[in-house]
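Structure incoming, see below.
The values are calculated or read from the model by the stated rules, or taken from the named source; none is laboratory data. A quick note: this is a predicted structure, and the numbers were derived from the prediction, not measured. Using ideal geometry, Cβ is built from the backbone for each residue, glycine included, and neighbour counts are taken over all protein chains shown. Only protein heavy atoms, including side chains, enter the accessible area calculation; ligands, DNA and RNA are left aside. Shrake-Rupley method; radii C 1.70, N 1.55, O 1.52, S 1.80 Å.
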Amino acid sequence: MRLKLVGYSLNMASPTPGNFIRKRRLRSSEPMRRLVRETHLEPSQLVLPLFIVPGEGIRKPISSMPGNAQLSVDELVKECETVYSLGLGGVILFGVPDDKDDKASGAYADDGITQQAVRAVKKATPNLLVMTDVCNCEYTSHGHCGKVVQTRNGEYDVDNDSTLDWLAKTAVSHAKAGADMVAPSDMMDGRIAAIRRELDHHGYTNTPVFAYAAKFASVFYGPFREAAESTPQFGDRRSYQMDPANGREALHQMQINLDEGADLLMVKPALPYLDLIRQARNRFDVPIGAYQVSGEFAMIMAAAQNGWIDQERAMFESLTSIRRAGAGIILTYFSKDVARALA
Ligand code: PBG
């Protein structure tokens, strides 16, 4: 008797050509490939990050992120009209204030740059989903994501619990300005619970919290820090952002964020952490987002500008991989390009 395994004869001496499994049949033409394609990108799944500066008529290019610019509120409004017409899932706003202090006052001021931006965008394009990044690093004079205190041995540390109050106030001020969703990116312990409690207390019970839950201390945030002017003046963020070596810890961190009331979870950066996107997708039944960060974007753009890589194909391949890994939502600086290419 001849053993047959999925149609392929085990008798190697006389393989029957007609019995081969030919995977190439379904790859033979674009209509065929299109029919069997498993993963799709939709503009509605993409969120465009935008940087807002004080002033008027400002569109200041960010050199390390070609095609992106710091925008004044009036320019932001125009940009958001374009974003809306392209059918993107939404925007996430990052305020870049002129004045910074050691209390991050601008982060939670009612007339802060982000609050002004949210009000203007929601007025001009009420149906565009507006998320805000809730963090302090753009607003502190030292560039850290929380309150810096001196420890007993004379060193500096970011104090966790006193920072929670700033974050909660910031989230409420964003919601009050009209933000549809808040996204805390600071990585302080207990921030999701603190934000949820304060939002509810002020009546914003329907404002979802999108937790930057598995956020790693990554070198790939470099270009963003130019865009957001948020480079720490001393030290680094490794005492609050995660060690890139730790996957199990990332899952625990996501579980904690869920337990504290997060509505959506984010993995950030995206491409170097696809394993965690997949594990999060398998383990948690909430929307999973991924942030293709500034450095991931900058690498593709730099290679493309050197003629070493095809920009559009690199964009689609990287984003499709992030979708395939399990992200339902992607924050990416390519959002508009994807929507235009798909149209
Ligand atoms: C703020 C924040 C950062 C990013 C998003 N929110 C920078 C950081 O943590 O240093 C990075 C986004 C990007 O690189 O595109 N805390």
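Identify all residues within segment 225-239 that are under 29 Å from GLU198 (Cβ atoms) and either modelled with pLDDT of 95 or more or in a helix (DSSP H, G or I) (or both); write none if there are none.
Across segment 225-239, the qualifying residues are ARG225, ALA227, ALA228.
Just to be sure before I move on: is GLY106 touching a residue at least 24 places away in the same chain (Cβ under 8 Å) and touching a Gly at 6+ places or on another chain (Cβ under 9 Å) in the structure I sent?
Values: touching a residue at least 24 places away in the same chain (Cβ under 8 Å): yes; touching a Gly at 6+ places or on another chain (Cβ under 9 Å): yes.
Taking the combined requirement at face value, the residue satisfies it.
Continuing with this model, one more query. Within segment 171-188, work out how many residues are free of Cβ contacts under 8 Å to residues at least 40 places away in the same chain and closer than 14 Å to GLU260 by Cβ.
Result for segment 171-188: 1.
With the structure loaded, tell me whether MET299 is at pLDDT 95 or above and farther than 29 Å from THR205 by Cβ or whether it fails that test.
Yes.
Here's another thing I want to ask about it. Against the conditions (1) of a type outside the set (Phe, Trp, Tyr); (2) out of contact with any Ser or Thr (no Cβ under 8 Å at 6 or more places or on another chain); (3) near the ligand (Cβ under 8 Å from one of its atoms), where does ARG196 fall short? Just the number, please.
(3)
Now, a different point. Suppose the filter is more than 26 Å from PHE210 (Cβ to Cβ) and of a type in the set (A, V, I, L, M); does ALA303 pass it?
yes
Still on this structure: Restricting attention to segment 278-317, and to residues there that are under 19 Å from PHE216 (Cα atoms) and polar (S, T, N, Q), which single residue is nearest to the ligand (Cβ to nearest atom)?
Ranking the candidates gives SER294 first.
If you scan segment 125-162, which residues turn out to be within 13 Å of the ligand (Cβ to nearest atom), closer than 21 Å to LYS103 by Cβ and among the hydrophobic types (A, V, I, L, M, F, W, C)?
VAL134, CYS135, CYS137, CYS145, VAL158
Being more than 16 Å from the ligand (Cβ to nearest atom) and open to solvent by less than 30 Å² (accessible area, probe 1.4 Å) is the filter here, so list the residues in segment 179-192 that pass it.
GLY190, the sole residue that qualifies.
Restricting to segment 97-150, name every residue that is touching a strand residue (DSSP E or B) at 6+ places or on another chain (Cβ under 9 Å), small (Gly, Ala, Ser) and closer than 24 Å to LEU46 by Cβ.
Once the filter is applied, which keeps residues that are touching a strand residue (DSSP E or B) at 6+ places or on another chain (Cβ under 9 Å), small (Gly, Ala, Ser) and closer than 24 Å to LEU46 by Cβ, segment 97-150 yields only ALA117.
Then there's this: Please count how many residues of segment 236-261 are closer than 27 Å to THR207 by Cβ and within 16 Å of the ligand (Cβ to nearest atom).
Counting residues in segment 236-261 that are closer than 27 Å to THR207 by Cβ and within 16 Å of the ligand (Cβ to nearest atom) gives 7.
Further question on the same structure: Considering only segment 200-218, state which residues are assigned to a loop (DSSP other than H, G, I, E, B) and either in contact with a strand residue (DSSP E or B) (Cβ under 6 Å, 6 or more places away or on another chain) or more than 16 Å from the ligand (Cβ to nearest atom) (or both).
Once the filter is applied, which keeps residues that are assigned to a loop (DSSP other than H, G, I, E, B) and either in contact with a strand residue (DSSP E or B) (Cβ under 6 Å, 6 or more places away or on another chain) or more than 16 Å from the ligand (Cβ to nearest atom) (or both), segment 200-218 yields HIS202, GLY203, TYR204, THR205, ASN206, THR207, PRO208.
While we're here: Has segment 239-255 got at least one residue that is touching a residue at least 12 places away in the same chain (Cβ under 8 Å) and closer than 30 Å to LYS60 by Cα?
Checked against the condition, which is being touching a residue at least 12 places away in the same chain (Cβ under 8 Å) and closer than 30 Å to LYS60 by Cα, segment 239-255 yields at least one hit.
Still on this model: Name the helices (runs of 4 or more DSSP H) wholly inside segment 59-163 in which the number of residues that are farther than 27 Å from ILE192 by Cβ and open to solvent by 50 Å² or more (accessible area, probe 1.4 Å) is 1 or more.
Fully inside segment 59-163 and qualifying: 73-85, 113-124.
Quick one: which of ALA228, ALA168 is under 25 Å from GLN70 (Cβ atoms), in contact (Cβ under 8 Å) with a residue 12 or more places away in the chain and either within 13 Å of the ligand (Cβ to nearest atom) or crowded, with 22+ Cβ neighbours inside 10 Å (or both)?
Being under 25 Å from GLN70 (Cβ atoms), in contact (Cβ under 8 Å) with a residue 12 or more places away in the chain and either within 13 Å of the ligand (Cβ to nearest atom) or crowded, with 22+ Cβ neighbours inside 10 Å (or both) holds for just one of ALA228, ALA168, which is ALA228.
For GLY326, all conditions in the list (1) within 15 Å of the ligand (Cβ to nearest atom); (2) touching a residue at least 40 places away in the same chain (Cβ under 8 Å) hold save one; what is the number of the exception?
(1)
So if I check each of ILE58, ILE62, ILE92, which one is over 29 Å from ARG323 (Cβ atoms) and at pLDDT 95 or above?
So the residue among ILE58, ILE62, ILE92 that is over 29 Å from ARG323 (Cβ atoms) and at pLDDT 95 or above is ILE58.
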